[in-house]
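Data first, discussion second: the structure below is written as C-alpha cells.
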Amino acid sequence: MKHFLLASFLASAIALPAVAADYSIMAPAAPGGGWDQTARTMQTVLQQEKISNRVQVMNVPGAGGTIGIAQFASQQKGNPNALLVGGYVMVGAILTNKSPVTLKDVTPIARLTGEYEVIVVPTSSDIKSVGDLAAKLKADPGSVSWGGGSAGGTDHITAGLIAKAAGVEPTKINYIAFSGGGEALAAILGSQVTAGISSYGEFESQIKAGSLRLLAISSAEKIPGIDAPTLKESGLDVVIQNWRMVAAAPGITEEQKKAIATDIEKLAKSGKWQENLKTKGWMDTYLSGAAFDEQLAKDIASTETILKEIGLVK
C-alpha cells in the first residue's frame, strides 16, 4: 500500500505544471523610451500569457544604459528571476563611456525586436536621392550636416558607415547630436541640418504628411509598407539595425539559463506579443542561443571598428 501511495504521489508530482517564475525586469533608461516600452510590454505579455505570475519593472537611467548594466551585474548575480533589457545603443555606450562592465558581465538570452534606420531630408531640399547625398558628401564632407540622436549611438554610427561606404573618411563627418527626437526633428524640418537619421517610426508622420523626403532605409531588403530603397540598392553597402535584447543575471546555472530562454521564446512567439509588435511598429527580429551570441559578437566588433574610425573610441 505504501509503495502504491508513493508511486501515485510521484506520478501526480511529475504531472504538475512547472511553477511560473516571478521576474523583475530592469530598463536601464528613463520611463517612456524604447527600452522602457520593451520592458513594460514584456511585463504585460508575460502575465497575460501566464508565462509568469508576477513581473515588476524598474528604471535605472543614465549613460546609454551603462549605469543600469553595472548595477544589474553587481546586485543580481546568480538571481534567475532578474532580467535586463538592452540594445544596440548600449553596445556603443559601453565603448564610448569606457564602461568597466560590459555585456560579457551579464547573460544574453535573445534579441527581441529591431528598427531600421532611415535617411530623410526636408522636401524643400535639392537632394532627391542617396546618390545626391553621397555626391555632396564626397565633394565636401563638412558641408553635409547630419542630425540624429546621442553621440556614439545608432544614428551616429549609421552616418559613419554611410561615409565609409561612400569612400569618405568617417572622422570628417559633421554629425550634430540632439538629446531628444523632437529637437532633431525640428532641426531637420527647419533645414538647420542637411539630413536626418533615426528609426522610421520617428519620422513616419512627417513622411506621410509630405514634410520630409525619405531617401533610404538601412535594412538588407525592402520593408513592406515603407516606400524607400535600401542603402544597398542605392549603392552604399550599409545594413544596420537598432535592436533590443533581453539578458539574464551573471552567475546563473545552465539549467536556469535554459528555463529563462524557454520563457522568453514563449513570449516572443505568443499571439499577444505579435499583436504588440504590430501596434508599436516593431519588427520581429527574434534570435536566441548560439546564433544570437554569434551575432552579438559581430555587432560589438563592427561597432568598435566604426567608433574608432569616427574618432569616438581610441
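Where is the GNM fluctuation largest for the chain (alpha-carbon springs, 10 angstrom cutoff): 31, 100, 108? Highest fluctuation of the listed residues: 100. On the stretch 243-288, 48 percent of the accessible area sits on carbon and sulfur atoms, based on a 1.4 Å probe. Counting only protein heavy atoms and a probe of 1.4 Å, the accessible surface of the stretch 144-214 is 47% carbon and sulfur. Computed with a 1.4 Å probe over protein heavy atoms only, the accessible surface of the chain comes to 47 Å² per residue. Among the listed values (1) 84, 42, 31; (2) 67, 42, 31; (3) 91, 40, 31, the one matching Cα extents along the principal axes in Å as calculated from this structure is (3).
Split the accessible area of the stretch 15-78 by element, probe 1.4 Å, and carbon with sulfur accounts for 52%.
Pairs from the list 104/164; 104/314; 232/272 with a Cα-Cα gap above 25 Å: 104/164; 232/272. Across 205, 191, 52, mean-square fluctuation computed from a Gaussian network of the chain (C-alpha pairs under 10 Å connected) peaks at 205. A full extension of the chain between residue 305 and residue 223 corresponds to an added length of 26.8 nm, given 0.36 nm per residue minus the alpha carbon distance.
Compared with the dominant Cα axis of the chain, that is its longest principal axis, helix 2-15 is turned about 10°. Taking 12 Å as the cut-off, the amide N atoms of the stretch 158-193 that come nearer than this to a point 7 Å along the Cα-to-beta-carbon line of residue 124 belong to 188-193. Note on the stretch 224-298: Kirkwood radius taken over Cα pairs, Stokes-Einstein applied at 25 °C and 0.890 mPa s, translational D equal to 162 µm² s⁻¹.
With both residues required to sit in the chain, DSSP beta bridges show an antiparallel share near 65%.
Ligands, DNA and RNA excluded, the heavy atoms of residue 132 present near 60 Å² of accessible surface to a 1.4 Å solvent probe.
The values are calculated or read from the model by the stated rules, or taken from the named source; none is laboratory data. In this text the structure is predicted, and so the values were computed from the model without any measurement. So basically every Cβ, Gly included, is an ideal-geometry build from the backbone, and we count neighbours across all protein chains shown. Note: accessible area is taken over every heavy atom of the protein model, side chains too, but ligands, DNA and RNA are not part of it. Shrake-Rupley method; radii C 1.70, N 1.55, O 1.52, S 1.80 Å.
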